[in-house]
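Reading through the structure tokens given below for one structure.
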Amino acid sequence: MTKNINILLVEDNPGYVLLVQNMLSKATESNYKLIHASQLSQGFKYLENGEIDIVLLDLSLPGSKGIDTFLSVHKQFPFIPTVVLTSLDNESTAIKIVKEGAQDYLVKGKTDSVRLISSIQFAIERQKKEKVHDGSEKIFLQKELENLNLTNKEKEVLSLIAEGKSNEEIAKILFVSISTIKNHIGKIFAKLRISNRSQATAIAIKAGLVNFKSENND
């Protein structure tokens, strides 16, 4: 039985709206209804109606730019999963936004229908678990990682991914080859049923595998 999912796309580029609609039309397990808002204020009106299941959010909108765009949405609607969909290909920005609560960070031009649909499914599933377990989400995720039989080495690699380290940097830190790191990452992605590093980062942060120092500290 297909599920009906209402997706709010906040995007000011009409051409990209059509592209997202085309990508979503390839879904088979769910029936996606795309609701479009070209401005953040318009998006808030749809969110206030309470019928939105997930938000796809561009960071560069009229009157709102960068991480503040996400924060303005997440602050008012923390229990609605948000996936950032942007042209800004910046790993440090991606990590900051995931740390603040985004379920995923996708880059336009690098996102096809498979990755977009996977991200939507991942975001909804994770947000439901966070809502159910609330304050115990960290403990829940830690137990989930144990049940998935992640080895200590795989957890270490996962935490380094969340810190924004490249494969080369992780290999140097752990004194192994890059091919070994790629092998670990492949196993981690398979066990967690994820497809990219931003999803891995979200899980690592929420499970408490990595601690970020305040940016105001030296």
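Readers should treat all values here as calculations from the given coordinates under stated rules, not as data from a laboratory. Given the structure is predicted, the values throughout are model-derived calculations rather than measurements. Backbone-built Cβ (ideal geometry, glycine too); neighbour counts: all protein chains shown.
Using the beta-carbon distance between K128 and E169 and R0 = 35 Å, what value does 1/(1 + (r/R0)^6) give for FRET efficiency, to the nearest 0.05?
On the way: r = 34 Å, r/R0 = 0.96.
That pair, K128 with E169, gives E of 0.55.
Over the Cα atoms of the chain, each weighted equally, I'd like the Debye log10 I(q)/I(0) at q = 0.16, 0.19 Å⁻¹, rounded to two decimals.
-1.13, -1.49
Using unit Cβ charges (K, R positive; D, E negative) and no other charged atoms, how large, in debye to the nearest 20, is the dipole of the chain about its Cα centre?
Value, rounded to 20: 520 debye.
Rounded to whole Å and sorted largest first, what semi-axes of the equivalent ellipsoid does the C-alpha gyration tensor of segment 135-206 yield via the square root of 5 times each eigenvalue?
Whole-Å semi-axes of the equivalent ellipsoid: 21, 12, 11.
For I5, I97, I161, I67, what's the fewest-to-most ordering of other Cβ within 10 Å of each Cβ?
Least to most surrounded, the residues fall as I67, I5, I161, I97.
For segment 1-111, what's the relative contact order in percent, using C-alpha pairs closer than 8 Å and at least 6 residues apart?
Details: 172 pairs, mean separation 26.8, N = 111.
Contact order relative to length: 24 percent.
Antiparallel DSSP bridges in the chain: what percent, to the nearest 5? Present the calculation step by step, with values, prior to reporting the outcome.
Numbers: 1 of 20 bridges.
Counting only bridges with both partners in the chain, antiparallel ones make up about 5 percent.
How big is the dipole moment of segment 61-100 about its Cα centre under a simple scheme where the beta carbon of each Lys and Arg is +1, that of each Asp and Glu is -1, and everything else is neutral? Debye, nearest 20, please.
120 debye
So for F189, F70, fewest C-beta neighbours within 10 Å to most, what's the order?
Neighbour counts put them in this order, fewest first: F189, F70.
Could you calculate the FRET efficiency of Y16 with N90 from 1/(1 + (r/R0)^6), where r is the beta carbon distance between them and R0 is 25 Å, rounded to 0.05?
The formula returns an efficiency of 0.85 here.
Considering the dipole of segment 3-133 built from charges on the beta carbon (Lys and Arg +1, Asp and Glu -1) around the Cα centre, which of L8, I117, G43 is farthest to its positive end?
Final value for the positive-end residue is I117.
Hey, fewest Cβ within 10 Å first, where do K153, K110 land in order? It would help to have the intermediate numbers written out before the result.
Numbers: K153 14, K110 10.
Going from sparsest to densest Cβ surroundings: K110, K153.
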